[in-house]
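Okay, so here's the structure we're looking at.
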There are 4 protein chains.
Amino acid sequence: MKVIMDLCVVPMGVGVSVSEYVVACHQVLKEAGLKTQLHAYGTNLEGEWDDVMAAVKKCHEKVHGMGAPRITTTIKMGTRVDRLQTMEEKISSVVDKALK
Amino acid sequence: MKVIMDLCVVPMGVGVSVSEYVVACHQVLKEAGLKTQLHAYGTNLEGEWDDVMAAVKKCHEKVHGMGAPRITTTIKMGTRVDRLQTMEEKISSVVDKALK
Amino acid sequence: MKVIMDLCVVPMGVGVSVSEYVVACHQVLKEAGLKTQLHAYGTNLEGEWDDVMAAVKKCHEKVHGMGAPRITTTIKMGTRVDRLQTMEEKISSVVDKALK
Amino acid sequence: MKVIMDLCVVPMGVGVSVSEYVVACHQVLKEAGLKTQLHAYGTNLEGEWDDVMAAVKKCHEKVHGMGAPRITTTIKMGTRVDRLQTMEEKISSVVDKALK
């Protein structure tokens, strides 16, 4: 089962700037071989369910390992069984309709 | 690693009422032996990371198996390594402060 | 337009414990006259769109006023025009089906 | 108060494809004069709190007006009072750290 996910990991108790943790998570996701796209409020990723979930767990382990005592994460994720869909198609289906 | 999660599974392409799918997910979560608390916009659950994530996957499989071609799920989830925390403590820590 | 919302306000840069901010937000929501229900990962509220949104803004203003330099908030919210629905009905429709 | 938001509006009861509704929302956001960035699981936007919230309400009104009986929306949104921040800066602060 493929999943497209929007992942936003927020470390708490580490001060106001969290970009170093975002960088570390992005590194984890890349090392997991997942397709990723950073945006202004999270990272979109795409892959097999188990691979994606294993990477999310590694992000939490990594961020705790860097010293964050607490993490709150927000995820949106979509699966579909009627057809395959990629992150690029989700965007292009909107853009194509907008251009009509 | 323990996780406290707010899970909201939304089947798409099945009409406007989705309560039968919510019931089915709740059943899956109970069968997984997880502590759960239904609320008006999702279900809170608590348990070991792998157990919780396995149950979330089973919810997607169940809802697709019931005929939903597409699912969009929203999750908030928290982990902490400074101390153990339960769903009940999260609520009581707020209530206690409010009563002071 | 009525809205049912799940609101989770997370102050950043204030340390690991945030319950005093949750209490303050809950107070704001109550003073706004909104129906509220605290749960383990947020607060559900219900009311007219403009009233609910005004209260959410006041929560941000309040939490910044208490010293939080940064806030990240996660919201789920639902509107429907086919019929009125309350938070209680959302829960009871699930419970009723589960008991069949 | 400036806000950076990730907005994901999901119409329910309208079938499995929702891209026409996403296009309509994007149009509403553009007409509101907001800075927007479409991504694979939502749209990021940036602006003054009241302008952003007014546009979100118009999205719900528009999508209901197109025939969707029910909408569930997921929002992440951030405010900060320590300094101004834009969507571009959020991304570049991550990229810059990653390149070090």
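Only the coordinates and a few stated rules stand behind these numbers; no lab work does. Fair warning: this is a prediction, and the values are worked out from it, not measured in the lab. Don't worry about glycine lacking a Cβ; one is built from the backbone with ideal geometry, like all the others, and counts go over all protein chains shown.
A:THR86 meets the conditions (1) closer than 30 Å to B:ASP82 by Cα; (2) within 12 Å of chain D (Cβ to nearest Cβ); (3) among the β-branched types (Val, Ile, Thr) in every case but one. The failed one is (1).
The residues of segment D:74-96 that are buried (at least 16 other Cβ atoms within 10 Å of the Cβ) and not hydroxyl-bearing (Ser, Thr, Tyr), listed by number, are D:ILE75, D:LYS76, D:MET77, D:GLY78, D:ARG80, D:VAL81, D:GLN85, D:MET87, D:LYS90, D:ILE91, D:VAL94. Quick one: in segment A:1-17, which of the residues that are aliphatic (A, V, I, L, M) and under 17 Å from C:CYS8 (Cβ atoms) is nearest to the chain's Cα centre (by Cα)? Among those that are aliphatic (A, V, I, L, M) and under 17 Å from C:CYS8 (Cβ atoms), it is A:LEU7.
Taking the numbered list (1) in contact (Cβ under 8 Å) with a residue 12 or more places away in the chain; (2) away from chain B (no Cβ under 14 Å); (3) in contact with a Leu (Cβ under 7 Å, 6 or more places away or on another chain) in turn, D:TRP49 passes all entries but (3). If you filter segment A:29-46 down to residues that are facing another protein chain (nearest Cβ under 8 Å) and without any contact (Cβ under 8 Å) to a residue 40 or more places away in the chain, you find that the one that is nearest to the chain's Cα centre (by Cα) is A:GLY42.
Selection of segment D:1-19 for residues being within 14 Å of chain B (Cβ to nearest Cβ) and of a type outside the set (Gly, Ala, Ser) yields D:ASP6, D:LEU7, D:CYS8, D:VAL9, D:VAL10, D:PRO11, D:MET12, D:VAL14, D:VAL16, D:VAL18.
Of all residues in segment B:45-100, those satisfying the criterion of being part of a helix (DSSP H, G or I) and of a type in the set (Ser, Thr, Tyr) are B:SER92, B:SER93.
Could we say that A:HIS26 is assigned to a helix (DSSP H, G or I), at the interface with another protein chain (Cβ under 7 Å from one of its Cβ atoms), farther than 26 Å from B:LYS58 by Cα and in contact (Cβ under 8 Å) with a residue 12 or more places away in the chain here? Here the answer is yes, as A:HIS26 does meet what is asked.
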